[in-house]
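The values are calculated or read from the model by the stated rules, or taken from the named source; none is laboratory data. All values derive from a computational prediction rather than experimental measurement. FYI the Cβ positions are ideal-geometry reconstructions off the backbone, even for glycines, and counts take in every protein chain you see.
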Amino acid sequence: MSGRNGDVAGAPDSSLSDVGRRQHHNHAVSALDPREQLDRIAEYADSSVRILSRRGSLVGVPGSYGLKRWLYAHYGNRGNAVYTFVGSLLAIGLSGLCAWVFKEPLLFPSLGATAFLFFETPLAEVGTPRNAIIGHSVAILAGLFSLGVFGLLGEPSVYQQGVTPARIGAVALSVALTGGVLRLLRAAHPPAGATTIIVSSGLLAKPEQIASIAVGVLIITAGSWALNRLLGIPAPVWAAPR
């Protein structure tokens, strides 16, 4: 009898506890604006990354102001799309203008990916000046080193000479070195993988071309940082905030 009484007595407490948990959960969900809830769900639809916020992305950037803040306040994720569009357009346009004025290859494919990171994940580590400059620098050195290992320094590019075993080895080694070194330096920057192939394939491998790659990286980095600050993102001067 006492056992039954104990069970009966304990049931209301359990029920009240369940109700309390449900109320707490509902309160936590309702704390977000409905439109923001939808934006977050859309942003992280992949179940492997479905978290409340992704550090450094345009959604939830603390301290935003100016155009960026106005766009998100009025148009949500569509406003973020406009921001990324405008920033990338202006940054790549600046690099292209410099390439045209100075008649140098200051604009090359991997800079497109770098610009995208600067305006899509401006506070994330991969989108900081530190990671961009270190990433592309390591990529250049890895490409040159790989060319030397396989005896391809000064040789025509793969587009002129064709694919050879030596070229395959140089390209593969350059990508592997870039990824490994950047992992050790904790300076991941995916576009660097394209830069090292540009060098190891011989597309831009002459001394003056290497200098142009380095200058092009500095232009896109400085220009993107300035644009982010101007348009409303408190982008870090060097590394991501910790």
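Across segment 178-192, the number of residues qualifying as assigned to a helix (DSSP H, G or I) and touching a residue at least 60 places away in the same chain (Cβ under 8 Å) comes to 1.
For (1) in contact with a Ser or Thr (Cβ under 6 Å, 6 or more places away or on another chain); (2) in the same structural domain as residue 164 (by TED's automatic domain parsing); (3) more than 19 Å from residue 153 (Cα to Cα); (4) at pLDDT 95 or above, each residue gets a yes or a no:
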residue	(1), (2), (3), (4)
185	no, yes, yes, yes
203	yes, yes, no, yes
209	no, yes, no, yes
213	no, yes, no, yes
224	no, yes, yes, yes
227	no, yes, yes, yes
236	yes, no, yes, yes
239	yes, no, yes, yes
242	no, no, yes, no
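Does segment 109-130 contain at least one residue that is within 22 Å of residue 211 (Cβ to Cβ) and in a loop (DSSP other than H, G, I, E, B)? Yes, segment 109-130 contains at least one residue that is within 22 Å of residue 211 (Cβ to Cβ) and in a loop (DSSP other than H, G, I, E, B). Under the condition of being part of a helix (DSSP H, G or I) and either of a type in the set (Ser, Thr, Tyr) or surrounded by 16 or more Cβ atoms within 10 Å (Cβ to Cβ) (or both), the residues counted in segment 193-208 number 8.
So that you can scan it fast, the table gives a plain yes or no per residue for (1) over 30 Å from residue 62 (Cα atoms); (2) in contact with a helix residue (DSSP H, G or I) (Cβ under 8 Å, 6 or more places away or on another chain); (3) of a type in the set (Lys, Arg):
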residue	(1), (2), (3)
149	yes, yes, no
162	yes, no, no
170	yes, yes, no
185	no, yes, no
195	yes, yes, no
228	no, yes, no
233	no, yes, no
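The residue pairs whose first member lies in segment 216-239 and is touching a residue at least 60 places away in the same chain (Cβ under 8 Å), whose second member is of a type in the set (Asp, Glu), and whose beta carbons are closer than 8 Å, counting only pairs six or more residues apart or on different chains, are 239/125.
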